[in-house]
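Engineer: Handing you a structure now.
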Ligand code: NAD
Ligand code: ZN
C-alpha cells in the first residue's frame, strides 16, 4: 500500500510503498477514508529532531486524525463488523497507569505524561490502511461520512477538551476569546456555541476569510489580530477581560494578546504549539488567572464530540486531497490557504 512517510528530520516526506499491516491478536485493521492534515504535522515536519513526547523511530506514516471502515479484525476481536464506519481515537496509552485507568490516556504516565498517539511515532492514517491496537479505540460513526468526520478525532476532540474544562466560567455575561480561527479554532467556536448559550464568543485571526468563517460558525465578534483587537475585547468586557481565552496559535504576539485580554480569575488556555513564550509578571496574566496547556482529549470526550456532530451541532469545513497530493495540502496549510481542514483521502 502507499503511505505518506516522514523519512528524516527536515526532509521532504515521501509517498512510499509499504506492506499492508496484518492485525495481530486484539488488533483491528481499518481502511482509511480520510486523514486530516493538522498544523501539528507541520511542526513535526519543521522540527530539527524528534519533538518532546514523540517516539523517535523513522520512518513513520503521518496522520493522527483518522476515520474509515473496519477492514479486518485480529484474532479474538469482537464488537465490530467489516465495513462499519469508525473514527479512531489516537491517544494510545499503556492502559494501566493511574491516568489511563481514569480514562485520561492523553496523559499516560508510562509514556511520559503525554500519549505519543498515532501519526507521531506510530504509523498514522496517511496510508490506505491503519493498524489500531484495539477495538476500544474505535467509535462507530453511524450515519456520519468518515471522509468528513476524520478531523473530529483531533481538531474536534482537542477543542472540546480545551473548552469543557472551563465551562463553569461561561455563564451569562461571560466572554470567550478564540485566537486563531483555523481548523481547531473553527471547531472551538462551534463547540462554544453548542455548549454555552449565554457566553459572547470572540474570534481573532489575521486572515479576513477565516474571520468571515468564524462569524458564520457562530462567533459574535470577529476581530483582526493586533492591538485593536485587544482594545475591542477590553471594551466588550467593561475593561475586565474575558473569562476564557483560548490561544490556538501559541506564538509570541498571540500569547501576549492572550495575557492582556484574560481577566482576573479567568482561564488562559494555550492549545497552539507555535513555540512562543507567555510573558509573566505579577499582574500579567491577571491575578489568579490559571494557565493551562491541554493536550488532545479523552475517549469519552470523543464520544461526546461524535454525538454533537451526529446532531449537526458541529461540523468541519473539509477540503479533500488524494494521497498523491498530500504535499500540496500541507503547502496550502503552511501558506494559510486551507479554509477549514484538508483531509487526505487515500
Ligand atoms: P491552522 O493552520 O488550521 O490554523 C491556525 C490559524 O491561526 C489560522 O487561521 C491562521 O490564520 C491563524 N493565525 C496565525 N497567526 C495568527 C495571529 N498572529 N493571530 C491570530 N491568528 C493567527 O492550524 P490548526 O490545525 O488549527 O492548529 C492550530 C495549533 O494547534 C497548531 O499550533 C497545532 O500544532 C496545535 N494543536 C495542538 C493540539 C494540542 O493537543 N494541544 C492538538 C492539535 C493541534
Ligand atoms: Zn493535530
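The values are calculated or read from the model by the stated rules, or taken from the named source; none is laboratory data. Being a predicted model, the structure only gives us computed values, none of them experimental. When we count neighbours, we look across all protein chains shown, and the Cβ atoms used for this are built from the backbone with ideal geometry, even at glycine.
Engineer: May I ask you to verify whether residue 253 is touching a strand residue (DSSP E or B) at 6+ places or on another chain (Cβ under 9 Å), more than 24 Å from residue 168 (Cα to Cα) and free of Cβ contacts under 8 Å to residues at least 40 places away in the same chain?
Structural biologist: Details: touching a strand residue (DSSP E or B) at 6+ places or on another chain (Cβ under 9 Å): no; more than 24 Å from residue 168 (Cα to Cα): yes; free of Cβ contacts under 8 Å to residues at least 40 places away in the same chain: yes.
Spelling it out, it is not the case that residue 253 is touching a strand residue (DSSP E or B) at 6+ places or on another chain (Cβ under 9 Å), more than 24 Å from residue 168 (Cα to Cα) and free of Cβ contacts under 8 Å to residues at least 40 places away in the same chain.
Engineer: Okay, next question. Can we say residue 339 is in the same structural domain as residue 128 (by TED's automatic domain parsing) and over 22 Å from residue 68 (Cβ atoms)?
Structural biologist: Details: in the same structural domain as residue 128 (by TED's automatic domain parsing): yes; over 22 Å from residue 68 (Cβ atoms): yes.
Criteria met by residue 339.
Engineer: So which residues in segment 25-38 are surrounded by fewer than 23 Cβ atoms within 10 Å (Cβ to Cβ) and either assigned to a strand (DSSP E or B) or within 16 Å of ligand 2 (Cβ to nearest atom) (or both)? Before the answer, list the steps.
Structural biologist: Taking segment 25-38 first, the residues surrounded by fewer than 23 Cβ atoms within 10 Å (Cβ to Cβ) are 25-27, 29, 31.
If the condition is that a residue be surrounded by fewer than 23 Cβ atoms within 10 Å (Cβ to Cβ) and either assigned to a strand (DSSP E or B) or within 16 Å of ligand 2 (Cβ to nearest atom) (or both), then 29, 31 are the ones that fit.
Listed here are the residues, each with its yes/no results for (1) more than 22 Å from residue 236 (Cβ to Cβ); (2) in the same structural domain as residue 187 (by TED's automatic domain parsing); (3) touching a residue at least 60 places away in the same chain (Cβ under 8 Å).
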site: 269; (1), (2), (3): no, yes, yes
site: 283; (1), (2), (3): no, yes, no
site: 310; (1), (2), (3): yes, no, yes
site: 314; (1), (2), (3): yes, no, yes
site: 319; (1), (2), (3): yes, no, no
site: 327; (1), (2), (3): yes, no, yes
site: 330; (1), (2), (3): yes, no, yes
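Engineer: Taking only segment 66-97 into account, find how many residues are modelled with pLDDT under 95 and farther than 15 Å from residue 137 by Cβ.
Structural biologist: Going through segment 66-97 one residue at a time, the tally reaches 2.
Engineer: I'd like to check which helices (runs of 4 or more DSSP H) are fully inside segment 153-246 and have at least 2 residues that are more than 30 Å from residue 32 (Cα to Cα) and in contact (Cβ under 8 Å) with a residue 40 or more places away in the chain.
Structural biologist: Details: elements: 155-164, 183-195, 208-216, 227-236.
By residue number, 227-236.
Engineer: Shifting gears a bit: Checking the conditions here, which among 323, 333 is within 15 Å of ligand 2 (Cβ to nearest atom) and closer than 29 Å to residue 5 by Cβ?
Structural biologist: Details: 323 fails: within 15 Å of ligand 2 (Cβ to nearest atom).
Selected residue: 333, the only one of 323, 333 that is within 15 Å of ligand 2 (Cβ to nearest atom) and closer than 29 Å to residue 5 by Cβ.
Engineer: Quick one: what pairs do we get from segment 16-44, first residue at pLDDT 95 or above, second in a strand (DSSP E or B) and exposed (fewer than 15 other Cβ atoms within 10 Å of the Cβ), C-beta under 8 Å, 6+ apart or different chains?
Structural biologist: Listed pairs, sorted by first residue: 34/320.
Engineer: Here is a further query. If you scan segment 240-256, which residues turn out to be on the phi < 0 side of the Ramachandran plot and buried (at least 21 other Cβ atoms within 10 Å of the Cβ)?
Structural biologist: Looking only at segment 240-256, we keep the residues that are on the phi < 0 side of the Ramachandran plot, and these are 240, 242-249, 251-256.
Selection gives 242, 243, 244, 245, 246, 247, 248, 249, 254, 255.
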